[in-house]
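Accompanying notes for the structure given below.
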Amino acid sequence: MFGILQHVVTSVGFDLDMTLADTRTGIAAVYDELAVRLGVPFDSAAIVSRLGPPLEVELANWLPAEEVPAAADLYREIYPEMGVPVHTAMAGAHEAIAAVRRAGGGVIVVTGKNVRDARGTVKVLGLDVDEVVGSVFGAGKGSALARFGAAAYVGDHVADIQAARAGGAVSVTVATGPYTVGELRDHGADVALGDLTEFAAWFAGWHEHDVLR
């Protein structure tokens, strides 16, 4: 299905958390502050070990359903000040984007993070992207990828494989989130890399030969 692609289709989509951005320290800080304000013993270390699903899904592990919306609002109120400023770029993030740029492709970030905080993170990290789409997860990312014409989608979660499928893109995964290279392959990723430092070399060969490696 993904064997042959035209040379002109080189635009790529990227997930944000734990793909382009290491957001663990910032997210943990926000949950720790939320714990103080709500009097709820969030285990921030456990939470940041499984980033990917929407905020409300994680909060539901700790709070009654009726309390989740207000807690999510408070989390998002805290996040720009405590979370975004301490985010760092994942190893190879800037180089991965540059590789796509050299090939004449565009770059879109498609993430479960809300658009405001996703854009804030992209700005803080100086990531050279064309567009940011937020508040989407799994197959829900597909429409943004298809509209942008992304030939590949890069993510760290098994739900990002679903996103790539939904968007008609090659699923490229990095084992910098909750899954190993082997687990990502077992879940059907077309490409499984150790981290983004391996992306530029893979992308150069793929683009040059128009064949998925």
Scalar couplings 3J(HN,Hα) for the stretch 173-187 by Karplus 6.51 cos²θ - 1.76 cosθ + 1.60 (θ = phi - 60°), nearest whole Hz, x for Gly and Pro, are 10, 10, 8, 10, x, x, 10, 7, 4, x, 5, 5, 5, 4, 8
In Å, the Kirkwood estimate of hydrodynamic radius for the stretch 45-131 over Cα pairs equals 14.8
What distance in nm separates the simple spin-label points at residue 86 and residue 74, each placed 7 Å from Cα in the Cβ direction? 1.9
In order through the stretch 84-98: 3J(HN,Hα) via Karplus (6.51 cos²θ - 1.76 cosθ + 1.60), integer Hz, x for Gly, Pro: 4, x, 9, 5, 10, 6, 5, 4, x, 4, 5, 5, 5, 5, 4
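Quick one: order 82, 90 from most to least accessible surface, probe 1.4 Å. Provide the component values of the computation, followed by the final result.
Values: 82 70, 90 30 Å².
Ranked from most to least accessible, the order is 82, 90.
Rounded if a/c is under 1.5, else prolate if a/b beats b/c, else oblate: with a ≥ b ≥ c from the C-alpha gyration tensor eigenvalues square-rooted, which is the chain? Write out the running numbers ahead of the final one.
Numbers: a/c = 2.09, a/b = 1.87, b/c = 1.12.
Prolate.
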Normalised by the number of residues in the stretch 159-208, what is the relative contact order in percent for Cα pairs under 8 Å and 6+ residues apart? 31
What residues qualify as long-range amide H neighbours of residue 22, i.e. H under 5 Å apart, gap of 5 or more or another chain, H built at 1.01 Å from N? 88, 89, 90
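Between residue 56 and residue 36, what is 0.36 nm times their sequence separation minus the Cα-Cα distance? Round to one decimal in nm. It would help to have the intermediate numbers written out before the result.
Values: separation 20, 0.36 × 20 = 7.20 nm, distance 1.85 nm.
Extra length available between residue 56 and residue 36 comes to 5.4 nm.
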How large is ³J(HN,Hα), in whole Hz, for each residue of the stretch 35-49 in order, when computed from phi with the Karplus curve 6.51 cos²θ - 1.76 cosθ + 1.60 and θ = phi - 60°, using x for Gly and Pro? 4, 5, 6, 9, x, 10, x, 5, 9, 5, 5, 5, 4, 6, 7
With -39,500 (n - 2.57) per DSSP H segment of 4 or more residues and division by the full residue count of the chain, the 222 nm estimate, nearest 500 deg cm²/dmol, is -12500 deg cm²/dmol
Can you compute the label reach from residue 95? Point 7 Å from Cα along the Cβ direction, backbone N cut-off under 14 Å, restricted to the stretch 161-197. 194-197
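Would you please put 113-123, 36-46 in order of how densely packed they are, using the mean number of other Cβ atoms within 10 angstrom per residue and starting with the highest?
On the way: 113-123: 19.5, 36-46: 13.0.
Ranked from most to least packed, the peptides come out as 113-123, 36-46.
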Taking amide H atoms as placed 1.01 Å from N in the peptide plane, list the residues 5 or more away in sequence, or in a different chain, whose amide H sits under 5 Å from that of residue 174. 155, 156, 193
Could you give the angle, 0 to 90 degrees to the nearest 10, between helix 68-82's Cα long axis and the longest principal axis of the Cα atoms of the chain? 70
Taking the chain as a Gaussian network, where each spring joins two C-alpha atoms under 10 Å apart, which residue of 126, 188, 168 fluctuates the most? 126
Before I look further, what does the chain give for accessible area per residue, probe 1.4 Å, in whole square angstrom? 43
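The values are calculated or read from the model by the stated rules, or taken from the named source; none is laboratory data. This structure is a prediction, so every number in the text was calculated from the model and none was measured. With ideal geometry, Cβ positions are generated from the backbone for all residues, glycine too; neighbour counts draw on all protein chains shown. The protein model used for the area step is the full one, side chains on, heavy atoms only, and it has no ligands, DNA or RNA in it. Shrake-Rupley method; radii C 1.70, N 1.55, O 1.52, S 1.80 Å.
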